[in-house]
2 protein chains.
Amino acid sequence: MKYAPKEEIDARIAKLKTLMEKASLDGAFFHYKIDYYYLSGTMQDSLLFVPLDAEPTLFVKREISRARRESPLGNIVPYRSVKDIPQHVKPMKRLGMQLDVMPYNDVIKFQGLFGNVEFVDSSPLTKELRKRKSPFEIALMEKAAEIGRKVYARVPEFLREGVTEIEVGGQMEAYAKSLGHEGLLRVRSLNYEAYTWHILSGRTGSIVSQSDSPMGGLGLSPAFPVGASLKKIRKNEPILVDFGICYHGYQVDQTRMYAIGSMPDIFVGAYDACREIHDRVLDKVVEGYTSRELFEYSRELGDKLGYGEYYLGYKPHKVRFLGHGIGIELAELPYIAASHTYSIEDGAVFAIEPKMVFPKKGCCGYENTIHYRNGECRIITDTDDSIVIV
Amino acid sequence: MKYAPKEEIDARIAKLKTLMEKASLDGAFFHYKIDYYYLSGTMQDSLLFVPLDAEPTLFVKREISRARRESPLGNIVPYRSVKDIPQHVKPMKRLGMQLDVMPYNDVIKFQGLFGNVEFVDSSPLTKELRKRKSPFEIALMEKAAEIGRKVYARVPEFLREGVTEIEVGGQMEAYAKSLGHEGLLRVRSLNYEAYTWHILSGRTGSIVSQSDSPMGGLGLSPAFPVGASLKKIRKNEPILVDFGICYHGYQVDQTRMYAIGSMPDIFVGAYDACREIHDRVLDKVVEGYTSRELFEYSRELGDKLGYGEYYLGYKPHKVRFLGHGIGIELAELPYIAASHTYSIEDGAVFAIEPKMVFPKKGCCGYENTIHYRNGECRIITDTDDSIVIV
């Protein structure tokens, strides 16, 4: 197991404090484990407090000896109940909390323990902080990508006529786990559950579902109506394999296309178009286009290449994003989307996923996780990108 | 795919309204998908409104045609933003919301759309409602248990010297998915993530982690420090296989013990004790013991049988529950725990899991999902319960 080094955690805390100062926060609490993992290095059952003018304290409920081993923070102390917390915190005026994810009841209960304190949402700070990845983080994402390469290399072995989509997903998952993939992907959302087994074949690739994705798939039941299904994979239909990998909490996302026998021509053409859009948009990232400009540019390209009707879904189910930042959450800053106006910053890691959906026929798509650094877009998920015919 | 029949959903809504009336609610909103799945039959991206004096309305963002197919509700209408909701709701005084899980920011935003309305936490109502399972629900849990039986039957095939814990978990998962298992388990919690691959062998079985469980396991990294690990399974050590199955959202939980070569004597004895505690506690469920009494009785039994030191964990990591209700969430009412004082009601389904942990040596445990009905405790997960030696 790799633990976050002290310098890494110190640098994150230092950056956070700069942002806290700008936001006039005297301190900030981190109850949400994804956020305190980033700032402490541990996901043991904890609560992190970062005061502006002193060292952070990690309060640990269970299990403190593991937290002490995993986290390089200096102050790691036990606690039993949130009621114990205020006595450890000197009087402050303005404190941050993760109000975007913390349940209402928990917020009210926690705030009630403090006197005349103003609590504000500090989630914009942690999101800002995580936009740029460090070499330590990139190394973990490279390792995730390495697992991904090995798993994708075995897909032809798992694909055969009559196998179900979910069987392919299950086999990929089992192999990925044996290499250290953690099974769960993570999203900052009450209702959206990430999953890795997004394997869609033929007509199920054109099915829309609850998720904000050009194609949701059929899924397994009304209780899990997305992703791979019990549909049997047939010859000569497009098979989209969109499989995320998670290593030490760091995720990479990628999509490749497969077929048994042959790939129908329309999907060959559409896949080429997806790759072209992918490549040309990355050029524009380097040129400094804003998120919205990148999105609009990709849409124009989709039109020019003759796929406007199918690009990022068909009407009225088109989606308004082409990419999403990725790290310890599956969707982080920066997004490539119609509603976002920033440029992509140096150090960002994002997934870009041009996809086409043909009603009642199926879908195709191409996706990579990209590291933008020193004016270059480098593909982290550099698995072979040709259509694989089994 | 099985859809919930109209009578099933009608009965649930009718019971909810009885509880709403008692709680003086004019209506209730359900934003959390687990809750609106129970009340509508669909998990499409929706928002359910149940007024006390009229039919419910399901507002659907994506994808409405699937929601209409999956849900037998009469009023299923599209919506784009929560801002559209108030215009569809006649003026009311007191409305319920799932304040135990809904993020603070979302609650504030939603409440701000309404005028002078009092919003109260309605989660106790849905929890109360789900305590008793219907024949429709039991049939889905039976199906989950059937998948579980098949998966457990193949464990000896997956176990061999040198295989890692996570490989065994991955193989079980892959096979379970091919039979319709949905991969994710669900828990009503910000930070607790359920997972199915709780496979612990030898010393990792004595490792405590973040989770409120007698043994958490080593896990794969600081970002996923629970459950199966990359530790290789060796001969003559106890192997605990605690693997949950989910079918159409309904979960069952069970634990069995395995060994390669032979099972060390202390674990043979401890496993017998677990089975005895399991059986004798179920007798007391029938006799009407309260939750706390059941828990305390089990603890006394653990002492009498000579395992007090190890029962439900070792000090200071002992847990204070023996069982948990189970259904569309992994932990529902009723619990068998020191802090709960009710009796187990007719129609309840719960998992009971006596477990023993020996510091630095390993653990053992026995667990079943039980349906308590007409004065009988029936084991749903009736997989063979002897120690399996491979």
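The values are calculated or read from the model by the stated rules, or taken from the named source; none is laboratory data. The structure presented is a predicted model; accordingly, all values stated were derived computationally and were not measured. All Cβ positions, even for glycine, are placed from backbone atoms using ideal geometry, and neighbour counts span all protein chains on display.
Out of all the residues in segment A:83-123, which are among the hydrophobic types (A, V, I, L, M, F, W, C), within 13 Å of chain B (Cβ to nearest Cβ) and either farther than 26 Å from A:HIS248 by Cα or outside any loop (DSSP other than H, G, I, E, B) (or both)?
Residues of segment A:83-123 that are among the hydrophobic types (A, V, I, L, M, F, W, C), as a first pass: A:85, A:89, A:92, A:95, A:97, A:99, A:101-102, A:107-108, A:110, A:113-114, A:117, A:119-120.
Subset that is within 13 Å of chain B (Cβ to nearest Cβ): A:97, A:99, A:101-102, A:107-108, A:110, A:119-120.
Residues satisfying the conditions are A:MET97, A:VAL107, A:ILE108, A:PHE110, A:PHE119, A:VAL120.
Of the residues in segment A:50-69, not one is away from chain B (no Cβ under 13 Å), more than 28 Å from B:ASN105 (Cβ to Cβ), touching a helix residue (DSSP H, G or I) at 6+ places or on another chain (Cβ under 6 Å) and among the hydrophobic types (A, V, I, L, M, F, W, C).
Just checking, how many residues over segment A:63-75 are β-branched (Val, Ile, Thr) and either in contact with a Cys (Cβ under 9 Å, 6 or more places away or on another chain) or crowded, with 22+ Cβ neighbours inside 10 Å (or both)?
Our first condition is that a residue be β-branched (Val, Ile, Thr); within segment A:63-75, this holds for A:64.
Subset that is either in contact with a Cys (Cβ under 9 Å, 6 or more places away or on another chain) or crowded, with 22+ Cβ neighbours inside 10 Å (or both): none.
Residues that pass the stated criteria total 0.
Scanning segment A:154-172 for residues that are among the small types (Gly, Ala, Ser) and closer than 17 Å to B:GLY170 by Cβ yields A:GLY169, A:GLY170. Residues in segment A:198-210 include none that are at negative phi, facing chain B (nearest Cβ under 8 Å) and under 17 Å from the mean Cα position of the chain (by Cα). Of the residues making up segment A:4-33, those that are within 14 Å of another protein chain (Cβ to nearest Cβ), among the hydrophobic types (A, V, I, L, M, F, W, C) and surrounded by fewer than 22 Cβ atoms within 10 Å (Cβ to Cβ) number 1. The condition of being modelled with pLDDT under 95 and buried (at least 16 other Cβ atoms within 10 Å of the Cβ) holds for only one of A:VAL107, A:VAL89, A:VAL101, A:VAL60, that being A:VAL89. The combined condition, being farther than 25 Å from B:LEU190 by Cα and either of a type outside the set (A, V, I, L, M, F, W, C) or surrounded by fewer than 17 Cβ atoms within 10 Å (Cβ to Cβ) (or both), is not fulfilled by B:TYR335. Figure legend. Inter-residue proximity from segment A:229-240: first residues within 14 Å of chain B (Cβ to nearest Cβ), second residues of a type in the set (Lys, Arg) and surrounded by fewer than 24 Cβ atoms within 10 Å (Cβ to Cβ), beta-carbon distance below 9 Å, spacing 6+ or different chains. Indicated pairs: A:LYS231/A:ARG203; A:ILE233/A:ARG160.
Yes or no, residue by residue, for (1) out of contact with any Leu (no Cβ under 6 Å at 6 or more places or on another chain); (2) assigned to a loop (DSSP other than H, G, I, E, B); (3) farther than 30 Å from A:PHE136 by Cβ; (4) more than 7 Å from chain B (Cβ to nearest Cβ):
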residue: A:GLU167; (1), (2), (3), (4): yes, no, yes, no
residue: A:ALA174; (1), (2), (3), (4): yes, no, no, no
residue: A:ALA194; (1), (2), (3), (4): no, yes, no, yes
residue: A:GLY217; (1), (2), (3), (4): no, yes, yes, yes
residue: A:GLY261; (1), (2), (3), (4): yes, yes, yes, yes
residue: A:VAL268; (1), (2), (3), (4): yes, no, yes, yes
residue: A:ARG275; (1), (2), (3), (4): yes, no, yes, yes
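Among the residues of segment A:293-324, the ones that are surrounded by 17 or more Cβ atoms within 10 Å (Cβ to Cβ) and either touching a residue at least 24 places away in the same chain (Cβ under 8 Å) or within 14 Å of another protein chain (Cβ to nearest Cβ) (or both) come to 18 in all.
Scan segment B:237-247 for residues that are in a loop (DSSP other than H, G, I, E, B) and either buried (at least 24 other Cβ atoms within 10 Å of the Cβ) or among the hydrophobic types (A, V, I, L, M, F, W, C) (or both) and report the count. Residues flagged as in a loop (DSSP other than H, G, I, E, B) and either buried (at least 24 other Cβ atoms within 10 Å of the Cβ) or among the hydrophobic types (A, V, I, L, M, F, W, C) (or both) within segment B:237-247 amount to 3. Scanning segment A:278-294 for residues that are closer than 23 Å to A:GLY327 by Cα and part of a helix (DSSP H, G or I) turns up A:HIS278, A:ASP279, A:VAL281, A:LEU282, A:ASP283, A:LYS284, A:VAL285, A:VAL286, A:SER291, A:ARG292, A:LEU294.
Within segment A:198-207, identify whether any single residue is closer than 26 Å to A:MET356 by Cβ, in a loop (DSSP other than H, G, I, E, B) and assigned by TED's automatic domain parsing to the domain that holds A:MET141, and answer yes or no. Break it down into steps so the answer makes sense when it comes.
Of all residues in segment A:198-207, those closer than 26 Å to A:MET356 by Cβ come to A:198-207.
Okay, now just the ones that are also in a loop (DSSP other than H, G, I, E, B), so A:207.
Filter again for assigned by TED's automatic domain parsing to the domain that holds A:MET141, leaving A:207.
Within segment A:198-207, one or more residues are closer than 26 Å to A:MET356 by Cβ, in a loop (DSSP other than H, G, I, E, B) and assigned by TED's automatic domain parsing to the domain that holds A:MET141.
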